[in-house]
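Let me begin by presenting the structure, written as structure tokens, before commenting on it.
The values are calculated or read from the model by the stated rules, or taken from the named source; none is laboratory data. Note that the structure is a prediction, hence the values are computed from the model and not measured. Here Cβ is always computed from backbone atoms with ideal geometry, including for glycine, and neighbour counts include all displayed protein chains.
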Amino acid sequence: MSIKNNLLQIKSTLPEQVTLVAVSKTKPISDLMEAYEAGQRIFGENKIQEMSEKWEQMPKDIQWHMIGHVQTNKVKFMAQFVSLIHGVDSLKLLQEINKQALKHNRIIDCLLQMHIAEEETKFGLDEQELASLLSSNEFQEMKNIRIVGLMGMATFTDNKDQIKKEFSHLKSIFDQLTIHNSQFTILSMGMSGDYQLAIECGSTMVRIGSSIFGGR
Ligand SMILES: *Cc1c(COP(=O)(O)O)cnc(C)c1O
């Protein structure tokens, strides 16, 4: 199967309200262009340097999503062009994004990353941390960022019940927030191995790499 066929096949199975982020990390520009020519305009990368190089060389109507962990000192390299940052999990990082966005006179859309998996990882907020971030004065004062939703990754397992449980948990946190906040519209969950489950559980944005571009 070609990249184009993979892409069109996946797109044909996605419900209308679900946005596809084509995860192109480690792939050459020629692969991305194949997806672009098949109509894809949203690409996800997990390294800021690689994303910047691709942004420089590729058509300017592409929306670049940063899906990886972001180091504070690298925000400045993407502030000019990034369209959505998925992995925000601290006030400190948000403050830096806000500062760099201001320099470019932009408002940068962000998702807060929630820790929903059983696995130990450094990344992602728990519910307590989410609540205190959203209610902090520092957060209220930031004018150049906009939190538009949540992102999460399920445990890497074959156990579908567990994955479902984790995605459903994230969806319930999301639903709580949308009651008070109409800016919350994006729930980013689901990758090649689990995006169908994620959609069943209410995902509005899937991040798919290897099923489009092949293994890495
Ligand atoms: C790499 C990556 C993906 C895509 O993974 P695939 O299994 O190749 O679809 C999605 N989300 C994040 C955060 C990633 O780092």
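Looking only at helices (runs of 4 or more DSSP H) that fall completely inside region 136-216, which ones have 1 or more residues that are more than 16 Å from the ligand (Cβ to nearest atom) and of a type outside the set (F, W, Y)? Break it down into steps so the answer makes sense when it comes.
Values: elements: 137-141, 160-180, 195-200, 210-213.
Result: 137-141, 160-180, 195-200.
If K92 passes every condition in (1) in a helix (DSSP H, G or I); (2) in contact (Cβ under 8 Å) with a residue 24 or more places away in the chain; (3) surrounded by fewer than 16 Cβ atoms within 10 Å (Cβ to Cβ) but one, which one does it miss?
Going through (1) in a helix (DSSP H, G or I); (2) in contact (Cβ under 8 Å) with a residue 24 or more places away in the chain; (3) surrounded by fewer than 16 Cβ atoms within 10 Å (Cβ to Cβ) one by one, K92 breaks only (2).
List, please: which pairs have Cβ atoms under 6 Å, are six or more places apart or on different chains, and start with a residue in region 103-116 that is within 30 Å of K165 (Cβ to Cβ) and end with one that is assigned to a loop (DSSP other than H, G, I, E, B) and among the small types (G, A, S)?
Listed pairs, sorted by first residue: Q113/G124; M114/G124; H115/G124.
From the list D175, D161, D194, exactly one residue is at pLDDT 95 or above, buried (at least 16 other Cβ atoms within 10 Å of the Cβ) and of a type in the set (D, E). Which is it?
So the residue among D175, D161, D194 that is at pLDDT 95 or above, buried (at least 16 other Cβ atoms within 10 Å of the Cβ) and of a type in the set (D, E) is D194.
Could you please find all residues in region 22-50 being touching a residue at least 60 places away in the same chain (Cβ under 8 Å), surrounded by fewer than 17 Cβ atoms within 10 Å (Cβ to Cβ) and either hydroxyl-bearing (S, T, Y) or in contact with a strand residue (DSSP E or B) (Cβ under 7 Å, 6 or more places away or on another chain) (or both)?
T26
In the list E37, E96, E50, which residue meets the criterion of being within 16 Å of the ligand (Cβ to nearest atom) and at pLDDT 95 or above?
E50
Which one of the conditions (1) in a helix (DSSP H, G or I); (2) closer than 30 Å to L32 by Cα does F81 fail to meet, given that it meets all the rest?
(1)
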